[in-house]
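Encoded as C-alpha cells, the structure appears first; notes follow it.
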Amino acid sequence: MNEIKYSNDINSNVYKDSLNIRETVFVNEQNVPKNLEIDNLENKCTYFALYIGNKAVATARFYSMDDNGIHIQRVAVLKEFRQQHLGSELLKFILDYARKQNVSYVILGAQDHAQEFYKKLGFEVIGEQYLEAGILHHDMKLKM
C-alpha cells in the first residue's frame with residue numbers, strides 16, 4: 001500500500017526525502033544546476049512524498065498564490081518507479097487536498113515532454129513556450 005505524507009517543515013523527513021528525489025531526478029538526471037533546484041521558496045512550500053514501504057519514490061511541492069490558487073512544482077518520480085502511475089496518484093492526492101482547501105485553480109510549469117501527463121489530469125496549456133534550466137516548458141492550469 002502506498003502512503004502519501006506531506007509537510008511544510010524543511011526540517012521534516014518528508015522534506016528531506018523530497019529533496020533527495022529532486023536531486024536524483026533534476027540535478028543528476030536532467031543536469032539542472034543545484035543552485036536553481038534549491039531556491040528561495042523552500043521554506044514557503046508544502047511538500048508531498050509518496051512512499052512504497054519506507055522508500056520515498058515520488059514527490060511534488062506547491063506554494064500558495066495571492067489570489068487563492070496554488071503553484072505546483074518539482075514533480076518527480078525516481079526512474080525505477082516510473083510508468084507505474086505513481087505521479088498521477090500523487091497529483092490526484094494534491095488536487096484533492098487543494099479542493100478541500102477551496103483553492104480556485106492550480107498552475108504549474110510543465111516540461112514539454114510531460115504535457116500529456118498533465119492533460120490527462122485536466123490541465124490546459126496556457127501561454128507561450130519558455131526555457132527553464134535548459135528545458136522547454138509551458139505553463140498549464142486547472143480550474144477547480
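Every number in this text was worked out from the coordinates using simple rules, so none of it is lab data. Keep in mind the model is a prediction, meaning the values are calculated, not measured. Methodologically, a virtual Cβ is constructed for each residue, glycine included, from the backbone with ideal geometry; neighbour enumeration extends over all protein chains shown.
Exactly one residue out of K119, K100, K44, K92 is closer than 17 Å to L19 by Cβ and among the basic types (K, R), and it is K44.
Filtered by the rule that a residue be surrounded by 13 or more Cβ atoms within 10 Å (Cβ to Cβ) and either of a type in the set (V, I, T) or in contact with a helix residue (DSSP H, G or I) (Cβ under 6 Å, 6 or more places away or on another chain) (or both), the stretch 118-134 gives L121, V125, A133. Taking residues in the stretch 14-40 that are among the hydroxyl-bearing types (S, T, Y), and partners anywhere that are surrounded by 16 or more Cβ atoms within 10 Å (Cβ to Cβ), the pairs with Cβ atoms closer than 7 Å and at least 6 places apart or on different chains are Y15/S7; Y15/Y47; S18/Y47; S18/A49; S18/T59; S18/R61; T24/L78.
Within the stretch 3-47, the set of residues being crowded, with 18+ Cβ neighbours inside 10 Å, under 23 Å from D112 (Cβ atoms) and under 13 Å from the mean Cα position of the chain (by Cα) comprises I21, R22, V25, F26.
Of the helices (runs of 4 or more DSSP H) contained entirely in the stretch 8-111, those carrying at least 1 residues that are within 24 Å of G134 (Cα to Cα) and basic (K, R) fall at 13-22, 34-37. Pick from the stretch 63-90 the residues that are over 18 Å from E116 (Cα atoms), free of Cβ contacts under 8 Å to residues at least 40 places away in the same chain and in contact with a Phe, Trp or Tyr (Cβ under 9 Å, 6 or more places away or on another chain): which of them is surrounded by the most Cβ atoms within 10 Å (Cβ to Cβ)? Residue satisfying both the conditions and the ranking: I70.
With the structure loaded, tell me whether A114 is within 10 Å of the chain's Cα centre (by Cα), closer than 19 Å to V32 by Cα and surrounded by 14 or more Cβ atoms within 10 Å (Cβ to Cβ) or whether it fails that test. Considered against the rule, which asks whether it is within 10 Å of the chain's Cα centre (by Cα), closer than 19 Å to V32 by Cα and surrounded by 14 or more Cβ atoms within 10 Å (Cβ to Cβ), A114 comes out as no. Any residue at all in the stretch 6-22 that is closer than 26 Å to H138 by Cβ, in contact with a helix residue (DSSP H, G or I) (Cβ under 9 Å, 6 or more places away or on another chain) and among the small types (G, A, S)? No, there is no match, as no residue in the stretch 6-22 is closer than 26 Å to H138 by Cβ, in contact with a helix residue (DSSP H, G or I) (Cβ under 9 Å, 6 or more places away or on another chain) and among the small types (G, A, S). When the criteria are applied in full, F62 meets the requirement of being aromatic (F, W, Y) and in contact with a Cys (Cβ under 9 Å, 6 or more places away or on another chain).
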